[in-house]
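A.B. asks: I'd like to ask you about the structure that follows.
The values are calculated or read from the model by the stated rules, or taken from the named source; none is laboratory data. It should be emphasised that the depicted structure is a prediction, and the values quoted were computed from it without experimental measurement. Note that each Cβ is placed from the backbone with ideal geometry, even for glycine, and that neighbours are counted across all protein chains shown.
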Amino acid sequence: MNKFALDKKSARLIVLQRIELLQSFQKKLRKLFGRYIFSNFFLKFFVNTNLIGENYFDIMKKEYETIANEVNFSNKKYLSIGGGLGGLELIINMETKNNFFYFIEKNYVSKKVKYGWDDKNLEAYNNLQLVEKFLIKNGMDINKFKIYDFDTNNFPNEKFDFIISLYSLDYHYDFNIYLEYLKKISNDQTKIIFDTIRGDYFKNVFKNVKIIQSVDNTVHKSKRIICSEFI
Ligand SMILES: C[S@@+](CC[C@H](N)C(=O)[O-])C[C@H]1O[C@@H](n2cnc3c(N)ncnc32)[C@H](O)[C@@H]1O
């Protein structure tokens with residue numbers, strides 16, 4: 001398999017979550033007409049589902065590789081925070097064995113879709129029904145995952161082996177929103193992997209912090225870090 005199967009609505013969400021998937025003419029339209037008209041009108045029509053299925057797969061495969069070099073993925077319980085449509089988790093599911101996935105995400109698409117730091121954490125680009133559909137369509141067994149809506153405050157109460165958040169936690173909104181919850185659901189072996197715009201800050205939060213990637217060409221500069229053991 002070298003691409004994800006998806007429908008038009010999911011493709012539209014993926015483009016909002018992964019803005020690098022926009023083609024150059026789409027970027028021009030967005031600049032010309034503004035984010036609101038672009039996301040709510042143009043994106044409904046000008047979206048190449050096939051191409052996005054291929055490119056999203058490639059991106060997620062590369063993301064997987066940045067992490068798989070560092071950790072052993074099989075037989076683990078995962079929590080994905082802001083995982084979008086779940087492409088990374090699908091790749092983990094394809095490449096490894098005996099895993100269970102929990103997702104915490106938001107269940108709406110914000111009107112203007114702004115990127116960058118969001119103090120109030122109101123920005124979201126997802127639809128949880130479509131996430132479920134997408135995961136099943138791409139081979140994840142319905143008994144291997146559970147999806148939680150961030151805004152219901154009903155979160156899984158389990159200890160996790162991995163907590164993963166790419167370009168979401170501490171990239172768009174403050175880590176501290178999740179701090180107490182993350183302490184509750186982790187133990188000393190739990191690895192928390194996320195992209196942050198303030199890598200050094202976490203040296204005072206965790207005993208172990210390892211930078212595995214530095215990215216300079218996205219909305220803002222960020223570091224991907226693997227952390228364990230809260231101080
Ligand atoms: C830039 S996208 C990244 C999606 C995915 N991780 C990826 O790498 O493609 C950020 C995601 O965070 C989600 N999000 C925003 N606030 C959140 C929160 N408090 N908890 C969980 N997810 C959140 C958004 O809905 C969106 O899908």
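A.B. asks: Considering Lys120, Lys106, which residue is basic (Lys, Arg) and more than 17 Å from the chain's Cα centre (by Cα)? Step through it out loud before you land on a result.
C.D. replies: Details: Lys106 fails: more than 17 Å from the chain's Cα centre (by Cα).
None of the other options fit; the residue is Lys120.
A.B. asks: Going by the conditions given, is Phe4 out of contact with any Ser or Thr (no Cβ under 7 Å at 6 or more places or on another chain), modelled with pLDDT of 70 or more and within 16 Å of Gly83 (Cβ to Cβ)?
C.D. replies: Working: out of contact with any Ser or Thr (no Cβ under 7 Å at 6 or more places or on another chain): yes; modelled with pLDDT of 70 or more: yes; within 16 Å of Gly83 (Cβ to Cβ): yes.
It is true that Phe4 is out of contact with any Ser or Thr (no Cβ under 7 Å at 6 or more places or on another chain), modelled with pLDDT of 70 or more and within 16 Å of Gly83 (Cβ to Cβ).
A.B. asks: Hey, Asp151 hits all of (1) touching a strand residue (DSSP E or B) at 6+ places or on another chain (Cβ under 7 Å); (2) within 14 Å of the ligand (Cβ to nearest atom); (3) farther than 23 Å from Asn72 by Cβ but one; which does it fall short on?
C.D. replies: (1)
A.B. asks: Is one or more of the residues making up segment 110-123 in contact with a Gly (Cβ under 8 Å, 6 or more places away or on another chain) and within 28 Å of Lys27 (Cβ to Cβ)?
C.D. replies: The first filter runs over segment 110-123 and keeps only residues in contact with a Gly (Cβ under 8 Å, 6 or more places away or on another chain), leaving none.
Looking through segment 110-123, none of the residues is in contact with a Gly (Cβ under 8 Å, 6 or more places away or on another chain) and within 28 Å of Lys27 (Cβ to Cβ).
A.B. asks: For residues in segment 110-133 being farther than 23 Å from Lys221 by Cα and among the polar types (S, T, N, Q), which is modelled with the lowest pLDDT?
C.D. replies: Initially, segment 110-133 is screened for residues farther than 23 Å from Lys221 by Cα, giving 110-111, 126-133.
Then drop every residue that is not among the polar types (S, T, N, Q), which leaves 110, 126-127, 129.
On the way: Ser110: 86, Asn126: 96, Asn127: 97, Gln129: 98.
Only one residue tops the list, namely Ser110.
A.B. asks: Moving on to the next point. Evaluate the following for Asn138: is it near the ligand (Cβ under 10 Å from one of its atoms), surrounded by 15 or more Cβ atoms within 10 Å (Cβ to Cβ), at pLDDT 95 or above and over 20 Å from Tyr171 (Cβ atoms)? Reasoning before the result, please.
C.D. replies: Numbers: near the ligand (Cβ under 10 Å from one of its atoms): no; surrounded by 15 or more Cβ atoms within 10 Å (Cβ to Cβ): yes; at pLDDT 95 or above: yes; over 20 Å from Tyr171 (Cβ atoms): yes.
Criteria not met by Asn138.
A.B. asks: Would you mind stating whether Tyr201 is in a loop (DSSP other than H, G, I, E, B) and hydroxyl-bearing (Ser, Thr, Tyr)?
C.D. replies: Numbers: in a loop (DSSP other than H, G, I, E, B): no; hydroxyl-bearing (Ser, Thr, Tyr): yes.
It is false that Tyr201 is in a loop (DSSP other than H, G, I, E, B) and hydroxyl-bearing (Ser, Thr, Tyr).
A.B. asks: Follow-up question, since we're still on this one. Among residues belonging to segment 156-189 that are within 17 Å of the chain's Cα centre (by Cα) and surrounded by fewer than 18 Cβ atoms within 10 Å (Cβ to Cβ), point out the one that is nearest to Val215 (Cα to Cα).
C.D. replies: Per the stated criteria, the residue is Asp174.
A.B. asks: Exactly one of (1) touching a Ser or Thr at 6+ places or on another chain (Cβ under 9 Å); (2) within 16 Å of the ligand (Cβ to nearest atom); (3) not small (Gly, Ala, Ser) is unmet by Tyr173. Its number?
C.D. replies: Tyr173 satisfies every listed condition except (1).
A.B. asks: Going through segment 74-95 one residue at a time, which ones are touching a Leu at 6+ places or on another chain (Cβ under 8 Å) and either of a type in the set (A, V, I, L, M, F, W, C) or part of a helix (DSSP H, G or I) (or both)? Before you say what the answer is, go through the steps one by one.
C.D. replies: In the first step, residues of segment 74-95 are kept if they are touching a Leu at 6+ places or on another chain (Cβ under 8 Å); the result is 80-86, 88-90.
Those that are touching a Leu at 6+ places or on another chain (Cβ under 8 Å) and either of a type in the set (A, V, I, L, M, F, W, C) or part of a helix (DSSP H, G or I) (or both): Ile81, Leu85, Leu88, Glu89, Leu90.
A.B. asks: Restricted to segment 211-226, and to residues that are assigned to a strand (DSSP E or B) and aliphatic (A, V, I, L, M), which residue is modelled with the lowest pLDDT? If you could, list the steps in order and put the result at the bottom.
C.D. replies: Restricting attention to segment 211-226, the residues satisfying the condition of being assigned to a strand (DSSP E or B) are 211-215, 222-226.
Still in the list and also aliphatic (A, V, I, L, M): 211-212, 215, 225-226.
Numbers: Ile211: 95, Ile212: 95, Val215: 87, Ile225: 97, Ile226: 97.
Looking at residues that are assigned to a strand (DSSP E or B) and aliphatic (A, V, I, L, M), I get Val215.
A.B. asks: Here's something else I'd like to know. If you check Tyr171, Tyr181, which single one turns out to be in a loop (DSSP other than H, G, I, E, B) and closer than 15 Å to Gly82 by Cβ?
C.D. replies: Residue meeting the stated conditions: Tyr171.
A.B. asks: Something else now. Search segment 98-122 for residues being closer than 20 Å to Ile14 by Cβ and surrounded by 20 or more Cβ atoms within 10 Å (Cβ to Cβ), and hand back the single one that is farthest from the ligand (Cβ to nearest atom).
C.D. replies: Of all residues in segment 98-122, those closer than 20 Å to Ile14 by Cβ come to 101, 103-116, 118.
Within this subset, residues satisfying the condition of being surrounded by 20 or more Cβ atoms within 10 Å (Cβ to Cβ) are 101, 103-105.
Details: Phe101: 13, Phe103: 9, Ile104: 5, Glu105: 5 Å.
Residue satisfying both the conditions and the ranking: Phe101.
A.B. asks: While we're here: Every residue in segment 183-226 that is within 13 Å of the ligand (Cβ to nearest atom) and out of contact with any Leu (no Cβ under 9 Å at 6 or more places or on another chain), please.
C.D. replies: First pass over segment 183-226, keeping only residues within 13 Å of the ligand (Cβ to nearest atom): 193-195, 197, 213, 215, 218-220, 222, 224.
Within segment 183-226, Ile197, Gln213, Val215, Thr218, Val219, His220, Ser222 qualify.
A.B. asks: When you go through Lys144, Lys159 one by one, which is the residue that is touching a helix residue (DSSP H, G or I) at 6+ places or on another chain (Cβ under 8 Å), more than 14 Å from the ligand (Cβ to nearest atom) and basic (Lys, Arg)? Spell out the reasoning first.
C.D. replies: Values: Lys159 fails: touching a helix residue (DSSP H, G or I) at 6+ places or on another chain (Cβ under 8 Å).
Criteria check complete, one pass: Lys144.
A.B. asks: Now, a different point. What pairs can you find where one residue is in segment 81-105 and aliphatic (A, V, I, L, M), the other is more than 15 Å from the ligand (Cβ to nearest atom), and their Cβ atoms are less than 8 Å apart, with a gap of 6+ or different chains?
C.D. replies: Listed by first residue and then by second, the contacts come to Leu90/Gly139; Leu90/Met140; Ile92/Phe73; Ile92/Asn99; Met94/Met1; Met94/Gly139.
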